[in-house]
Amino acid sequence: MHPRGSFVSPLLSGVFCQCRLEEYQGSDPGGGRTLGSATSLSEHRHDESCDPPRHCPVCGGPEQEHRLKVLFQILDVNRDGGICVNDLTIGLKKLGVHRTEHELKKIVKAGDKDLDGQLDFEEFVHYLRDHEKKLRLVFKSLDKKNDGRIDSQEIVQSLRDLGVHISEEQAEKILKSMDKNGTMTIDWNEWRDYHLLHPADNIPEIILYWKHSTIFDVGESMLVPDEFTAEEKKTGMLWRHLVAGGGAGAVSRTCTAPLDRLKVLMQVHSSRSNTMGFAGGFTQMIREGGVRSLWRGNGINVLKIAPETAIKFMAYEQIKRLIGSNQETLGILERLVAGSLAGAIAQSSIYPMEVLKTRLALGRTGQYSGIMDCAKHIFKKERLTAFYKGYIPNMLGIIPYAGIDLAVYETLKNSWLQRFATDSANPGVFVLLACGTMSSTCGQLASYPLALVRTRMQAQATQEGSPQMTMTGLFRHIVQTEGAIGLYRGLAPNFMKVIPAVSISYVVYENLKITLGVQSR
């Protein structure tokens with residue numbers, strides 16, 4: 001282990017103090033003067049996060065502040081008071097640090113608060129200090145033995161605790177990219193030097209990359225909530241993420257609403273004797289109420305996004321505390337339990353809105369003047385209990401949906417990591433979208449019979465002369481009269497909307513994040 005006071009990134013350790021900058025600028029670049037020469041600050045470097053602030057022996061100013069000022073001036077190649085991507089490319093090469101253009105763009109984007117395409121000194125300092133704090137926290141969390149070094153076993157164990165499985169051989173490949181002295185361990189110096197001006201493609205980002213995010217909005221209400229870092233919760237980024245996700249869900253559901261209404265009609269009215277296809281279903285809806293009727297029930301479907309998301313997230317956070325987890329990111333089983341319970345609480349709170357959505361989707365033109373009129377009719381004719389019809393199959397559907405959804409996602413994720421992850425675990429947008437779409441589709445397939453029975457129970461009062469059946473009675477009736485295939489009526493339009501819903505959600509979510517000033521994870 002390095003002696004106390006030596007843990008400073010080489011990227012900064014050789015940078016001159018501000019009071020000696022003239023000496024550096026006046027020297028001949030070809031005269032042998034280097035950033036690591038005896039006139040640099042390396043003679044009194046230190047780890048600012050461990051030691052009290054030290055001062056430059058020449059000018060008496062804060063040492064860290066001077067190093068950052070000089071680093072900024074070295075990187076500000078064209079001396080215009082701002083660092084752009086081109087400045088970073090040239091400046092970092094001078095320091096012997098090589099980054100791709102894509103990585104440099106991510107650095108500028110992450111620190112550029114005023115969106116002018118470059119980093120001024122204040123933005124530069126804020127980015128570096130914020131980044132170093134995160135790196136220190138991650139280093140400590142990975143250092144299981146608390147010996148100031150990270151080895152391959154600690155990487156494997158840390159990621160396994162968070163539900164990401166990689167082999168020790170893969171962990172060693174990741175280590176080699178950071179290990180400068182050949183010890184096959186990483187100390188704080190090596191860790192910070194590698195990541196200080198290196199954006200997301202690193203070990204801690206594996207978890208953020210692979211979060212099963214709420215942006216995959218397919219119009220269903222049983223997704224496991226996303227997880228947010230402590231910093232996101234403190235800075236208000238959490239609510240911006242939720243607003244962006246809610247806006248994306250609203251646009252996505254509105255675009256796919258005709259398919260959603262067709263699904264409801266097929267679930268309730270389609271049978272062996274009365275088959276309803278795509279063309280027949282859309283023709284029937286347009287003939288009955290015009291093109292506008294294709295979006296009937298969409299208003300309440302969009303309105304319930306905000307309360308459901310907020311309740312689900314708050315319940316999820318409380319349940320995480322109750323199950324005693326002190327980790328920012330839960331393991332798979334903990335996520336399943338916490339997510340299912342949070343989903344059940346959220347669904348219980350907004351379930352009357354689910355009933356209203358179904359009734360409006362099945363309603364005839366002019367039957368209801370709006371959401372409140374529909375609610376009044378239901379309460380007047382059927383009383384309060386009508387707002388919870390189909391509640392039991394809906395609650396039972398949460399467990400298979402969340403369980404299958406998470407299991408498939410984790411399987412696909414780990415398969416990708418085992419096959420393709422080498423020194424980076426960034427799967428890219430298309431891999432994430434594909435994994436999210438496939439896992440969500442499998443989850444829906446597992447819970448679909450319960451969703452169909454729920455919808456039929458919600459709609460029973462609208463079918464005059466039909467008996468009011470219980471959940472088990474409906475299951476038996478459907479299987480006896482229509483066979484097992486009857487439990488999957490409306491599945492085709494439901495699956496048809498998954499890919500466009502996910503794609504639209506993602507595009508809108510990313511654009512809303514930029515508008516709201518949310519940094520990409």
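The values are calculated or read from the model by the stated rules, or taken from the named source; none is laboratory data. Fair warning: this is a prediction, and the values are worked out from it, not measured in the lab. In this analysis, Cβ positions are derived from the backbone assuming ideal geometry, glycine residues included, and neighbour counts consider all displayed protein chains. To get the accessible areas, we keep the full protein, side chains included, count just its heavy atoms, and leave off ligands, DNA and RNA. Shrake-Rupley method; radii C 1.70, N 1.55, O 1.52, S 1.80 Å.
Would you check which residues across segment 452-477 are under 39 Å from the mean Cα position of the chain (by Cα) and either modelled with pLDDT under 90 or open to solvent by less than 20 Å² (accessible area, probe 1.4 Å) (or both) and list them?
Passing the criteria: 452, 453, 455, 458, 459, 460, 470, 474.
Out of segment 128-142, which residues are more than 21 Å from the chain's Cα centre (by Cα) and closer than 18 Å to residue 108 by Cβ?
128, 129, 132
Name every residue in segment 295-329 that is farther than 23 Å from residue 244 by Cα and either at pLDDT 85 or above or not small (Gly, Ala, Ser) (or both), in order of residue number.
Those that are farther than 23 Å from residue 244 by Cα and either at pLDDT 85 or above or not small (Gly, Ala, Ser) (or both): 296, 319, 320, 321, 322, 323, 326, 327.
For segment 379-406, what are the residues that are free of Cβ contacts under 8 Å to residues at least 12 places away in the same chain and assigned to a helix (DSSP H, G or I)? Give the steps one after another, and end with the answer.
Going residue by residue through segment 379-406, those that are free of Cβ contacts under 8 Å to residues at least 12 places away in the same chain are 379-380, 383-385.
Hits for segment 379-406 are 379, 380, 384, 385.
Report every pair of residues separated by at least 6 positions or lying on different chains whose Cβ atoms are under 8 Å apart, first residue within segment 239-262 and closer than 17 Å to residue 361 by Cβ and open to solvent by 20 Å² or more (accessible area, probe 1.4 Å), second basic (Lys, Arg) and not in a helix (DSSP H, G or I).
From residues that are closer than 17 Å to residue 361 by Cβ and open to solvent by 20 Å² or more (accessible area, probe 1.4 Å), the pairs are 259/497.
Could you count how many residues in segment 480-510 are loosely packed, with under 14 Cβ neighbours inside 10 Å and under 19 Å from residue 105 (Cα atoms)?
0
Pairs only if they're at least six apart or on different chains, beta carbon under 6 angstrom, first in segment 310-324 and in contact (Cβ under 8 Å) with a residue 12 or more places away in the chain and among the charged types (D, E, K, R), second part of a helix (DSSP H, G or I) and open to solvent by less than 20 Å² (accessible area, probe 1.4 Å); list them, first residue then second.
Pairs that qualify, where the first residue is in contact (Cβ under 8 Å) with a residue 12 or more places away in the chain and among the charged types (D, E, K, R) and the partner is part of a helix (DSSP H, G or I) and open to solvent by less than 20 Å² (accessible area, probe 1.4 Å), are 312/342; 312/346; 320/338.
If only one of 405, 373 is over 30 Å from residue 507 (Cβ atoms), at pLDDT 80 or above and either acidic (Asp, Glu) or open to solvent by less than 40 Å² (accessible area, probe 1.4 Å) (or both), which one is it?
Being over 30 Å from residue 507 (Cβ atoms), at pLDDT 80 or above and either acidic (Asp, Glu) or open to solvent by less than 40 Å² (accessible area, probe 1.4 Å) (or both) holds for just one of 405, 373, which is 373.
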